[in-house]
Amino acid sequence: MRISTVGFQNDAVAQMQALESAIAKTQSELSTGLQIQNAADNPTGMAQVNELNVQLSASQQYVTNGNAASANMKLEEQALTQATTVLQSAQDLAVQANNSSLSASERQNIAAQLQQQLQELVGIANSTDSNGNYLFAGYASSTQPFAQAGNSVSYTGADAVNQIQISANQRISAGDTGASVFMNNPAGNGTFTTAAASTNTGTGSIDAGSVTSPAAWVPGTYTISFTSPTAYQVTNSAGVVTSGTYTSPGTIAFDGVQVTVSGAPAAGDSFTVAPAGNASVFSTVSNLITTLNSTTLNQGQMTTAINGALEQLGGAITNMDNVQASVGARIDAINSSQSTAQSEQTDLQSSISQLSNVDYTAATTQLSTEEVGLQAAQESYASLAKLSLFNFLD
């Protein structure tokens, strides 16, 4: 087989160029620490690295989402704690006011304290995060949710909250609406409300009552009428439900519920029992302020109104506790999710490293081998390139 001089030179140059390219690639791997620098290096490996990076990025975003949601919910927890403290203080003042020995001016002083607490509650309900977003405005977080005009407070926030993705398969509510926290609290005892008629002339009062048999309760408006100071009858839209004699304090039971009447009702006095709806914490405090400032309510009517306010304040505090428990559960869910995410990220980074990171020991050995090979090829080419037919003639 004949090898031409040109062919020999081309082959030699190609081999040296290939060795130089290999050395350049190995040097690049050592300088960057990556053995896969583009798809051509390892198409399958690059595809795997890209997919793992997508998963890693998503996991990191879930952690970021969780951090932001957790920070806001901790602020919400603080606001709920503050609101609960205010409501408990309002309860204490209502108990203090529910004393027949107090004068009108003393009750008005208590009403003035409640006025301050009402304003404080509105301020808490309009709490913001570090970015100025309102905590209780739902997804309309840039809009102030509560507005106060006199003792009337209205809600203009959204009725839903943003849902935050904290893992591939889990979303949580990022907060709670002002409606669910402050506005939609149960009125009365949650099942029914009680009230004294405005025309009552006696000193009789009625408590908030309780449910003794939920299955027997028939929602409707009932009237307890005193035909004499010692006799009553209970009627609804269908007629007389029950009747009996009265001695203070007396428990009156009917249709799965019972109420207690105290004091001395006069003949013709009446009380109503009606299905409960919802009442805001603001209206509860506001109505209590109105009651304590009144100069026309008799003792029985005032006691009845204060009893109802105390029951509703208790219901509002219970609702606050329930919301706070829900917030705590969501924070725990975020913490658990982030713990899992951090473990997953460690695994993903390890897999990416195994696929793309260079083995410095092996790469250094490979570079030395390639450099030796190039040097040998260069010396061999230089030596053979000097050969000529004249070297073999005497």
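Read-outs: derived from the displayed coordinates by stated rules, not from any lab. Since the structure is predicted, the reported quantities are computational estimates derived from the model, not experimental observations. Every residue, glycine among them, receives a Cβ derived from its backbone with ideal geometry; neighbour counts consider all protein chains shown.
Some values worked out for this structure:
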| item | result |
| --- | --- |
| Extended-chain gain in nm, criterion 0.36 nm per residue less alpha-carbon gap, residue 50 and residue 264 | 68.7 nm |
| Label-point gap, in nm, between residue 108 and residue 253 - each point 7 angstrom along Cα→Cβ | 4.5 |
| Residue 343 versus residue 216: modelled label distance in nm, points set 7 Å from Cα along the beta carbon direction | 5.4 |
| Nearest-0.05 FRET efficiency for residue 329 and residue 139, computed from C-beta distance (R0 22 Å) | 0.60 |
| Order of 139, 246, 232 - criterion: other Cβ atoms within 10 Å of each residue's Cβ, fewest first | 139, 246, 232 |
| FRET efficiency for residue 274 and residue 82, using Cβ-Cβ distance with R0 set to 30 Å, rounded to 0.05 | 0.35 |
| By average C-beta atoms within 10 angstrom, highest first, the peptides 179-185, 277-283 | 179-185, 277-283 |
| Most to least packed among 123-131, 188-196 [average Cβ atoms within 10 Å] | 188-196, 123-131 |
| Least to most buried among 205, 213 (fewest other Cβ within 10 Å first) | 213, 205 |
